[in-house]
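Notes follow once the structure below has been shown.
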Amino acid sequence: MPGYFITFEGVEGSGKSTQCRLLAEALRQAGHACVVSREPGGTPLGERIRELLLHAPGAAITSLAELLLYLADRAQHVEEVLRPALAAGRVVLCDRFTDSTLAYQGDGRGHDRELLRQLNSVAGGGLVPDLTLLLDLPVEVGLRRLAERGAVASAGADRLERENLAFHQRVRRGYLAIAAAEPRRIAVILADGGVEEVRAAVLGVVRARLPPAAGASA
Ligand code: TMP
């Protein structure tokens, strides 16, 4: 049985990681075998790349080097984790995937959109999510959430979180444009409400799309 691939996307502070974890809990309770992963990261090599990307000391990373590191992370992750889990019939939840590259390196950094699509396809081996949940909210709200958690404006903020407001606004607009172009794959979920509210919206979308677990009562 083929697996089912769900990705979470959104700007900083959109609550993806929390919602990804909550969805995994709900799906496991419904009898689905779930794998949760993330990009960058998700493999031992990927976790080292993540550290370089988000907390590299010293000189700035060029935007091309940054792009290629995200792609190297993806190439490893798809081969080592995502494909095998999907081949084993798992529901795979991934915190960020190819749309992050389009929005951050495309709209954020200005890399050519068509080039990014080709590179995404090479790095991801053509893997496309069955469903993408875009958690959307004004960037100011997301960044305020991070600040409240003590991340931004302190040594705790990572390299991308420290980018200026205009960068994050371009990323958000980029995401919304991708979602408008692919409405069947991407569900936009309003994410400026409370965790429970967003969780219910996520579950509603996933229940309507995901086939029931084998052996589970409908
Ligand atoms: P996270 O902390 O939300 O998991 O994301 C790590 C950062 O990496 C976040 O700022 C978005 C960024 N990112 C990209 O710029 N391009 C990508 O392809 C991916 C996967 C993440």
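The values are calculated or read from the model by the stated rules, or taken from the named source; none is laboratory data. Please read these numbers as outputs of a predicted model, since none were measured by experiment. Backbone-built Cβ (ideal geometry, glycine too); neighbour counts: all protein chains shown. With ligands, DNA and RNA removed, areas are computed over all heavy atoms of the protein, side chains included. Shrake-Rupley method; radii C 1.70, N 1.55, O 1.52, S 1.80 Å.
Quick one: accessible area per residue over the chain, 1.4 Å probe, rounded to a whole number of Å²? Provide the component values of the computation, followed by the final result.
Working: 10380 Å² over 218 residues.
Each residue of the chain exposes 48 Å² on average to a 1.4 Å probe.
Using 1/(1 + (r/R0)^6) with R0 = 35 angstrom and r between the beta carbons of R162 and L68, what's the FRET efficiency to the nearest 0.05? Working shown, then result.
Numbers: r = 21 Å, r/R0 = 0.60.
So, using R0 = 35 Å, E works out to roughly 0.95.
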### Query
Binned at 5 Å from 0, what are the whole-percent values of the Cα-Cα distance distribution for segment 1-127, short to long?
2, 11, 20, 23, 21, 13, 7, 3, 1, 0
### Query
Give me the Kirkwood hydrodynamic radius of segment 1-62 in Å, from all C-alpha pairs, to one decimal place?
13.9 Å
### Message
Give me P(r) over the chain, computed from all C-alpha to C-alpha distances, binned every 10 Å, as integer percentages.
### Response
8, 34, 39, 17, 2, 0
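Pull out the extension gain between L52 and A177, defined as 0.36 nm times the separation in residues minus the alpha carbon to alpha carbon distance; nm, one decimal. The partial results should precede the final answer.
On the way: separation 125, 0.36 × 125 = 45.00 nm, distance 2.92 nm.
Here the segment from L52 to A177 would lengthen by 42.1 nm.
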### Message
Could you sort the peptides 164-174, 108-118 by per-residue average Cβ neighbour count (10 Å cutoff), highest mean leading?
### Response
164-174, 108-118
### Query
Along the principal axes of its C-alpha atoms, what lengths does segment 107-218 span, in descending order and rounded to whole Å?
49, 37, 24
### Query
Modelled label-to-label distance, Q169 and V141, 7 Å Cα→beta-carbon offset: nm?
1.7 nm
### Task
Could I have the simple spin-label model distance between V205 and T18, label points 7 Å from Cα toward Cβ, reported in nm to one decimal?
1.7 nm
### Summary
For the chain, the accessible surface attributable to carbon and sulfur atoms (probe 1.4 angstrom, ligands and nucleic acids excluded) amounts in percent to 56 percent
### Task
Describe numerically, in nm with one decimal, the distance between label points set 7 Å from Cα along Cα→Cβ at A214 and at L45.
3.1 nm
#### Entry: Where Rh is the Kirkwood radius over Cα pairs, Rg/Rh for segment 71-161
1.03
### Message
Please list, in order along segment 7-14, the HN-Hα scalar couplings obtained from phi with the Karplus expression 6.51 cos²θ - 1.76 cosθ + 1.60 (θ = phi - 60°), rounded to whole Hz, x for Gly and Pro.
### Response
10, 10, 9, x, 6, 4, x, 7
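On alpha-carbon atoms, Rg over Rh for segment 162-218 using Kirkwood Rh?
Details: Rg = 15.5 Å, Rh = 13.9 Å.
Using Cα coordinates only, the ratio equals 1.12.
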### Task
In whole Hz, with x marking every Gly and Pro, tabulate ³J(HN,Hα) for segment 108-122 from phi via Karplus 6.51 cos²θ - 1.76 cosθ + 1.60, θ = phi - 60°.
x, 9, x, 5, 4, 4, 5, 4, 5, 4, 5, 5, 4, 5, 5
